[in-house]
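Asks: Below are the structure tokens for one structure; questions will follow.
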Amino acid sequence: MESLNRMALELVDEAIDFAEELNVAAYELDSEATVLDFGVETDGGVEAGLLLAELQTAGLATVQTRMDEVAGAPLQYVELSTDHPALALLCSQKAGWELGVEGFEGLGSGPARALVAEEEEFQRVGYTDTFEFAVLAVESDELPGDTVAEHVADLTGVETGSVFLPTFSTASLTGSVNVASRVGELAAFRLTELGYDPLDIVSVSGSAPVAPVAGDDETAIGRTNDALAYGGRAHLTVREEFDRFDELPSTAAEEYGTPFERFFDDADWEFEEIPASVFAPAKVTVDVVGGPTHVLGATDEELLAESFEL
């Protein structure tokens, strides 16, 4: 497989070329790094969220919206499918880079992670990227500056002028759309955390409702995670049977049924204090090639309606 960052760079170019149509903005920092505002000081939108999801998966996934309902209310859903789940989801889309640089706080996802390749996913998959450009999507309520760009450049081993930072707030339409695209990644990550070989996951598809845009990041983080854990559905095609598939959906967690905003409040917004088992889709189908098909979990529209204030 060629460089994930090279493939993502083509989508960065598309975002820059069509910035006005996407309701996003691109500008160069003093360090010559490029920041793309996908929904911090700009409006962003549905198309921006979809393109950002493509960028985060290095173009190895198909992303689209459809109309469906939650508790009788018509809402948009995001669907994402990939036949390269190990690379697209675990080595690229996963938000595994915590950015804390001189007062800036953000969460990084996208193919720049593969240039560092220190997370366990890269050892499991056996992939490391080498490229002269780095593309890191940043989830934050503020836009990154030169210190963040220099930090990313240092860790990825590229020139600062070769760093691209598409950035969005969770409390934006781009954020709601983008987080909804992560259902398949949650399923793939949860399965590998249970001990399954990521290279035996053949294909992954996911679907989740787009949470109504909240007025602040804390509410937005709660709503978007509820959309995944209580409304997200995933389908996985895998090569081998496994005796822990029943632990895959969020319904398997003892804490299932608690809104995420309450989880975060109880944990003083320390993500690592929240049980990992709740970060999973609500309902999952696992299709074993040449074997059984497991249907697990259930959605909770009543909790979603409360979370979304429908």
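The values are calculated or read from the model by the stated rules, or taken from the named source; none is laboratory data. These numbers were taken from a predicted model, which means no experiment stands behind them. When we count neighbours, we look across all protein chains shown, and the Cβ atoms used for this are built from the backbone with ideal geometry, even at glycine.
Asks: Just for the stretch 101-116: of the residues that are part of a loop (DSSP other than H, G, I, E, B) and modelled with pLDDT of 95 or more, which one is nearest to A171 (Cα to Cα)? Before the answer, list the steps.
Replies: Here is the first cut: in the stretch 101-116, the residues part of a loop (DSSP other than H, G, I, E, B) are 102-103, 110-112.
Those left that are additionally modelled with pLDDT of 95 or more: 110-112.
Details: G110: 20, P111: 23, A112: 24 Å.
Among those residues, the one meeting the criterion is G110.
Asks: Of (1) surrounded by fewer than 22 Cβ atoms within 10 Å (Cβ to Cβ); (2) in a loop (DSSP other than H, G, I, E, B), E272 satisfies all except one. Which?
Replies: The number of the failed condition is (2).
Asks: Is it fair to say G195 is without any contact (Cβ under 8 Å) to a residue 60 or more places away in the chain and within 21 Å of E121 (Cα to Cα)?
Replies: Working: without any contact (Cβ under 8 Å) to a residue 60 or more places away in the chain: yes; within 21 Å of E121 (Cα to Cα): yes.
So G195 fits the description; yes.
Asks: Out of (1) more than 21 Å from the chain's Cα centre (by Cα); (2) outside any helix (DSSP H, G or I); (3) more than 26 Å from G106 (Cα to Cα), what's the single condition that is false for T258?
Replies: Of (1) more than 21 Å from the chain's Cα centre (by Cα); (2) outside any helix (DSSP H, G or I); (3) more than 26 Å from G106 (Cα to Cα), only one is false for T258: (3).
Asks: Go through (1) under 30 Å from G215 (Cβ atoms); (2) in a loop (DSSP other than H, G, I, E, B); (3) out of contact with any helix residue (DSSP H, G or I) (no Cβ under 8 Å at 6 or more places or on another chain); (4) of a type in the set (D, E, K, R) one by one and return the number of the condition E98 breaks.
Replies: With respect to (1) under 30 Å from G215 (Cβ atoms); (2) in a loop (DSSP other than H, G, I, E, B); (3) out of contact with any helix residue (DSSP H, G or I) (no Cβ under 8 Å at 6 or more places or on another chain); (4) of a type in the set (D, E, K, R), E98 is out only on (2).
Per-residue answers, yes or no, for (1) charged (D, E, K, R); (2) out of contact with any Gly (no Cβ under 8 Å at 6 or more places or on another chain):
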| position | (1), (2) |
| --- | --- |
| A208 | no, no |
| V213 | no, no |
| A229 | no, yes |
| T285 | no, yes |
| G291 | no, yes |
| E302 | yes, yes |
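Asks: Applying the selection to the stretch 147-173, what residues are surrounded by fewer than 18 Cβ atoms within 10 Å (Cβ to Cβ) and in a helix (DSSP H, G or I)? Reasoning before the result, please.
Replies: Residues of the stretch 147-173 surrounded by fewer than 18 Cβ atoms within 10 Å (Cβ to Cβ): 147, 150, 154-155, 157, 159, 161.
Those that are surrounded by fewer than 18 Cβ atoms within 10 Å (Cβ to Cβ) and in a helix (DSSP H, G or I): T147, E150, D154, L155, G161.
Asks: Sort through P281, P292, P249 and tell me the only one that's modelled with pLDDT of 95 or more, more than 20 Å from Q56 (Cβ to Cβ) and in contact with a strand residue (DSSP E or B) (Cβ under 8 Å, 6 or more places away or on another chain). If you could, list the steps in order and put the result at the bottom.
Replies: Numbers: P281 fails: more than 20 Å from Q56 (Cβ to Cβ); P292 fails: in contact with a strand residue (DSSP E or B) (Cβ under 8 Å, 6 or more places away or on another chain).
Unique residue meeting the criteria: P249.
Asks: State whether the residues of the stretch 23-42 include one that is hydrophobic (A, V, I, L, M, F, W, C), under 30 Å from L303 (Cα atoms) and either in contact with a Leu (Cβ under 7 Å, 6 or more places away or on another chain) or part of a loop (DSSP other than H, G, I, E, B) (or both). Give the steps one after another, and end with the answer.
Replies: First, the residues of the stretch 23-42 that are hydrophobic (A, V, I, L, M, F, W, C): 24-26, 29, 33, 35-36, 38, 40.
Next, from what is left, pick out any that are under 30 Å from L303 (Cα atoms): 38, 40.
Now narrow it down to the ones that are either in contact with a Leu (Cβ under 7 Å, 6 or more places away or on another chain) or part of a loop (DSSP other than H, G, I, E, B) (or both): 38, 40.
The answer is yes, given that some residue of the stretch 23-42 is hydrophobic (A, V, I, L, M, F, W, C), under 30 Å from L303 (Cα atoms) and either in contact with a Leu (Cβ under 7 Å, 6 or more places away or on another chain) or part of a loop (DSSP other than H, G, I, E, B) (or both).
Asks: Can you list residue pairs whose Cβ atoms sit under 8 Å apart, with the first residue in the stretch 58-73 being closer than 12 Å to V46 by Cβ and the second being in a loop (DSSP other than H, G, I, E, B)? Count only pairs 6 or more apart in sequence or on different chains.
Replies: V63/T57; V63/S181; T65/V210
Asks: Do you know which residues across the stretch 96-115 are touching a residue at least 24 places away in the same chain (Cβ under 8 Å) and either under 15 Å from P198 (Cβ atoms) or buried (at least 20 other Cβ atoms within 10 Å of the Cβ) (or both)? Quick ask: steps written out before the conclusion?
Replies: Here is the first cut: in the stretch 96-115, the ones touching a residue at least 24 places away in the same chain (Cβ under 8 Å) are 96-97, 99, 101-102, 104-112, 114-115.
Across the stretch 96-115, the qualifying residues are G96, W97, G106, G108, S109, G110, P111, A112, A114, L115.
Asks: OK, next. Mind counting the residues in the stretch 8-22 that are without any contact (Cβ under 8 Å) to a residue 40 or more places away in the chain and in a helix (DSSP H, G or I)?
Replies: Start the filter on the stretch 8-22 by keeping residues that are without any contact (Cβ under 8 Å) to a residue 40 or more places away in the chain, which leaves 13-14, 16-22.
Okay, now just the ones that are also in a helix (DSSP H, G or I), so 13-14, 16-17, 19-22.
So the count comes out to 8.
Asks: Looking for whichever is in contact (Cβ under 8 Å) with a residue 12 or more places away in the chain, closer than 24 Å to A53 by Cβ and not hydrophobic (A, V, I, L, M, F, W, C) here; the options are P292, P259, P249, P275. Which one fits? It would help to see each step written out before you state the result.
Replies: Working: P292 fails: closer than 24 Å to A53 by Cβ; P259 fails: closer than 24 Å to A53 by Cβ; P275 fails: closer than 24 Å to A53 by Cβ.
Step by step, each of P292, P259, P249, P275 is checked, and only P249 is in contact (Cβ under 8 Å) with a residue 12 or more places away in the chain, closer than 24 Å to A53 by Cβ and not hydrophobic (A, V, I, L, M, F, W, C).
Asks: I need a count of the residues in the stretch 189-238 that are part of a loop (DSSP other than H, G, I, E, B) and of a type outside the set (S, T, Y). Steps first, please.
Replies: From the stretch 189-238, those part of a loop (DSSP other than H, G, I, E, B) are 194-197, 210-216, 232; that's our starting set.
Now restrict to residues that are of a type outside the set (S, T, Y): 194-195, 197, 210-216, 232.
Residues flagged as part of a loop (DSSP other than H, G, I, E, B) and of a type outside the set (S, T, Y) within the stretch 189-238 amount to 11.
Asks: Out of all the residues in the stretch 43-77, which are in a loop (DSSP other than H, G, I, E, B) and in contact with a Gly (Cβ under 9 Å, 6 or more places away or on another chain)?
Replies: Narrowing the stretch 43-77 to residues in a loop (DSSP other than H, G, I, E, B): 43-45, 57-61, 71-72.
Those that are in a loop (DSSP other than H, G, I, E, B) and in contact with a Gly (Cβ under 9 Å, 6 or more places away or on another chain): G44, G45, T57, A58, A61.
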